[in-house]
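Structure, as structure tokens:
The values are calculated or read from the model by the stated rules, or taken from the named source; none is laboratory data. From a predicted model like this one, the values you see are computed outputs, not experimental measurements. Cβ: placed from backbone, ideal geometry, glycine included. Neighbour counts: every protein chain shown. To get the accessible areas, we keep the full protein, side chains included, count just its heavy atoms, and leave off ligands, DNA and RNA. Shrake-Rupley method; radii C 1.70, N 1.55, O 1.52, S 1.80 Å.
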Amino acid sequence: MAARNSYDIVIVGGGPAGLAAAVAAKKAGTDSILIIERDKELGGILNQCIHAGFGLHRLGRELTGPEYAGRFVDMLKQTGVEVRLDTDSFDLIKAEPNIADKIVYTGCIDEYFHYKLGALSYRSVRFETEELPIADYQGNAVVNYTDAETRFTRILEHKHFEFGKGNGTVITREYPADWKPGDEPYYPINNDRN
């Protein structure tokens, strides 16, 4: 599809909020919609959420984050919404200030204002994946650990998402991580400064 000079709506961010906004706007009758995504693929944070729990209410089925993102991407493809991947929205909007009648920004609010008041506090996560030569590690797809002594917040056992069989298993431990601009912000921290 050829690039246009002007859109009814430009949506900044191809994560869950941006994908849902684009699909809803198209269903509501908006003609020309552009999604700008800084990553090389749509889905945003969902692509890193390998645990199940997405889609039950909307799609009637429990999916992992990447599966849920894939369903939204499939819905989006049916709408004809234009997508620009690997694109910096701030650069594009600066170069084309009249690109749209409306711009919907789905990212971090402090980033939108170029951190003029400093960065908000976020929590990020890091993952460690391990292959184990045993049939089953925990008997469940996700086990959360909330005690103060355990350094990780959850363990995911992938074969239980897919009802996998086999001699070995793969687990991923999710650890809390400090956040700095440029990292993926997972959760805003509820504190007085924010």
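Which residue fluctuates most in the GNM of the chain (Cα springs below 10 Å): GLY14, GLY166, GLY107?
GLY166
If we count every other residue with Cβ under 12 angstrom of THR150's Cβ, Lys/Arg +1 and Asp/Glu -1, where does the sum land?
Around THR150, the surrounding residues sum to 0.
With every protein chain present, what accessible area does VAL83 have (1.4 Å probe, heavy atoms only), rounded to the nearest 10 Å²?
50 Å²
Give, as a single signed number, the net charge of other residues whose beta carbon lies under 14 Å from the beta carbon of THR87, with Lys and Arg counted +1 and Asp and Glu -1.
Net charge in that neighbourhood comes out at -4.
Any idea of the accessible area per residue across the chain, 1.4 Å probe, to the nearest Å²?
60 Å²
Name the lysines eligible as straight-distance cross-link partners of LYS27: C-alpha to C-alpha under 24 Å, and not fewer than 8 places from it in the same chain.
In chain and number order, the partners are LYS77, LYS102.
Please state, to two decimals, what the Cα-based radius of gyration of the stretch 64-178 comes to when divided by 2.2 N^0.38 Å (N = residues).
Details: Rg = 20.3 Å, N = 115, 2.2 N^0.38 = 13.4 Å.
Here the answer is 1.52, to two decimals.
Explain nothing, just the number: relative contact order of the chain, from Cα pairs under 8 Å at least 6 residues apart, as a whole percent. Walk me through the numbers before you get to the answer.
Numbers: 344 pairs, mean separation 41.1, N = 194.
That works out to 21 percent.
Along its three principal axes, how long is the chain when you only count alpha carbons? Whole Å, largest extent first please.
57, 41, 26
Search the structure for amide H atoms under 5 Å from the amide H of PHE54, placed 1.01 Å from N in the peptide plane, and list their residues when 5 or more places away or on another chain.
Here the answer is LEU63, since their amide H atoms fall under 5 Å of that of PHE54.
Taking the full set of protein chains and a 1.4 angstrom probe, give the accessible area of ASP31 in square angstrom, rounded to the nearest 10.
Accessible area of ASP31: about 110 Å².
Only loop residues by DSSP count here, and only those with at most 10 other Cβ atoms within 10 Å; note down the trypsin sites (Lys or Arg not before Pro) in the stretch 25-113 that meet that.
Here the sparse-neighbourhood loop sites are LYS40.
Which value in Å is the Kirkwood Rh of the stretch 141-194 over different Cα pairs?
That comes to 13.7 Å for the stretch 141-194.
With springs connecting C-alpha atoms under 10 Å apart, model the chain as a Gaussian network and identify which of LEU76, LEU132, LEU42 has the largest mean-square fluctuation.
Highest fluctuation of the listed residues: LEU132.
Scan the stretch 88-184 for chymotrypsin sites (Phe, Trp or Tyr not before Pro) in coil per DSSP, keeping those whose Cβ has at most 11 other Cβ atoms within 10 Å, and list them by number.
PHE113, PHE163
What value, in deg cm²/dmol to 500, does the helix sum -39500 (n - 2.57) over DSSP H runs of n ≥ 4 give at 222 nm once divided by the residues of the chain?
-6000 deg cm²/dmol
Ignoring ligands, DNA and RNA, what percent of the 1.4 Å accessible area of the stretch 73-194 is carbon and sulfur?
Accessible surface attributable to carbon and sulfur in the stretch 73-194 totals 50 percent.
Quick check on the chain: of the DSSP beta bridges with both residues there, what percent are antiparallel, nearest 5%?
Working: 21 of 34 bridges.
Restricted to the chain, the bridges split so that about 60 percent are antiparallel.
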